[in-house]
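Quick note: the coordinates plus some simple rules give every number you see, no bench work behind them. The structure displayed is predicted, hence computed values, not measured ones. Positions of Cβ are backbone-derived with ideal geometry, glycine not excepted, and every protein chain shown enters the neighbour counts.
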Amino acid sequence: MVFSAPSLPEEDDYLANNMKEMIGGCCVCSDERGWAENPLVYCDGHGCNVAVHQACYGIVQVPTGPWFCRKCESQQRAARVRCELCPHKDGALKKTDNGGWAHVVCALYIPEVEFANVSTMEPIVLQSVPHERYNKTCYICEEQGRESKAATGACMTCNKHGCRQAFHVTCAQFAGFLCEEQGSDVDNVKYCGYCKYHYSKLRHKEREKHKARHKRTAESPALRPSLTVTIEKVSPFVSSLLGLNKKEKFWQCGVVVKMLGL
Ligand SMILES: [Zn+2]
Ligand SMILES: [Zn+2]
Ligand SMILES: [Zn+2]
Ligand SMILES: [Zn+2]
Ligand SMILES: [Zn+2]
């Protein structure tokens, strides 16, 4: 099942509905929008709620008929299919090179995890994950009364330098603490997450920046805010699919504005 009609919610709604999108959107990037070049694909497996962008799950060719996620395709007993990196059972999983399973999102956000084939994003290779990651306990599990699960799998740590909070990738995903940041290279995306404290600090900073931008917009009508917002929210996956990166797009907009003499 494929959905690609674009829908662009207002940014404030987008933030307010963050939680809803965690449930309704792509299991990997949490965005609920689909694009013609990168549609949201829904698993047709019985009782399976997996939805993924083509590029987020490494679907080389989207079938015209029904599509099944790897878990549903495998026919393995559901109880046996669990992520080696976290305690959550649902979500978009792929086989690991040692015959187990892992979430694509867990693979993206635990830095040492690799994909043997980057276009199909499988199998997931876990051999370089250091042991310390498996020894850490998830503070989100502990806070939410899942003490028995806190030590399951591996943890990522807060991206704020010096912060030692550790958590499961999916626990941070459900809480809305994951981000994709521009890496050192322009094409590079850095997948990182923050503890609740540092995430809210970051969001506050972003809101201040957003306000400042709106102020500038009011002074100079040439910069149309809706345009800027749309471009900023284009997923890096899509950008890479289109062979563009955010900086390039901003630059192109700048050129258009200049050419119009605005
Ligand atoms: Zn996605
Ligand atoms: Zn499925
Ligand atoms: Zn996982
Ligand atoms: Zn957890
Ligand atoms: Zn932190």
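Quick notes
- Karplus-derived 3J(HN,Hα), 6.51/-1.76/1.60, for each residue of segment 60-75, Hz, glycine and proline x: 5, 10, 6, x, 6, x, x, 10, 10, 5, 4, 5, 5, 5, 6, 6
- Fewest-first sequence of T96, T64, T170, T157 by Cβ atoms within 10 Å of each Cβ: T64, T157, T96, T170
- Pairs with C-alpha atoms separated by more than 22 Å, drawn from the list K89/K190; K89/K149; K160/K209; K89/K136; K136/K160; K136/K196, are K89/K190.
- Couplings 3J(HN,Hα) for segment 187-198, derived from phi with the Karplus relation 6.51 cos²θ - 1.76 cosθ + 1.60 (θ = phi - 60°), are 7, 7, 10, 9, 8, 9, x, 10, 5, 4, 4, 6 Hz, where x marks Gly and Pro.
- Packing-based ranking, highest mean first, of 45-53, 75-83 given that Cβ atoms within 10 Å are counted: 45-53, 75-83
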